[in-house]
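Enquirer: Starting off with a structure, shown below.
The values are calculated or read from the model by the stated rules, or taken from the named source; none is laboratory data. Being a predicted model, the structure only gives us computed values, none of them experimental. Cβ sites come from the backbone with ideal geometry, for glycine too, and all protein chains shown count toward neighbours.
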């Protein structure tokens, strides 16, 4: 049976670096799509779609993440890693104190991951860039909303300790070996 593993964490916690390491080691990974949505909006003249129209942005993310989840079934891979998951969408809306339709929670319950790994906020590696507008303090707050969203659905979150990208990746893979 295929195992779907989601790697979560606030902005700037090293998720993309760990996922790139997993790809380098031959694992199949579904990329983060929020940057793609943000860049498409910028091409249309909307500088920060997430801030100006958070519900529209989140609907686009929800559609994209649902599509990724369904595409994963077609992959001939025992393990599929996801850079963020469906519950991230409503966690961010909760962070912004934005109301959203019930289908956000329904989708989070409908599409289940087998394992959730969280990379906690880590000031030493946090970097702001053109698509990441949050301060480190906001990243810490987002982390709390992410934990809450996943735990309310019933997930057990495995926290990945700080360390090099290789050490963090090894931790995830070793944890999975003990679970499988």
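For (1) over 17 Å from residue 142 (Cβ atoms); (2) modelled with pLDDT of 95 or more, each residue gets a yes or a no:
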position	(1), (2)
41	yes, no
54	no, no
62	yes, no
89	no, no
106	yes, yes
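Enquirer: If you don't mind, another one. If a residue must be in contact with a helix residue (DSSP H, G or I) (Cβ under 6 Å, 6 or more places away or on another chain), modelled with pLDDT under 90 and outside any helix (DSSP H, G or I), how many such residues does segment 29-39 contain?
Expert: 1
Enquirer: Here is a list: 150, 126. Which entry is more than 22 Å from residue 5 (Cα to Cα) and either at pLDDT 95 or above or touching a helix residue (DSSP H, G or I) at 6+ places or on another chain (Cβ under 8 Å) (or both)? Walk me through it before giving the result.
Expert: Working: 150 fails: more than 22 Å from residue 5 (Cα to Cα).
Only one candidate passes the filter, namely 126.
Enquirer: Provide a single number: the residues in segment 5-28 that are surrounded by 21 or more Cβ atoms within 10 Å (Cβ to Cβ) and either over 24 Å from residue 123 (Cα atoms) or modelled with pLDDT under 95 (or both).
Expert: Number satisfying all stated conditions: 8.
Enquirer: Next up: What number of residues in segment 146-177 are in contact (Cβ under 8 Å) with a residue 40 or more places away in the chain, within 18 Å of residue 14 (Cα to Cα) and outside any helix (DSSP H, G or I)?
Expert: 5
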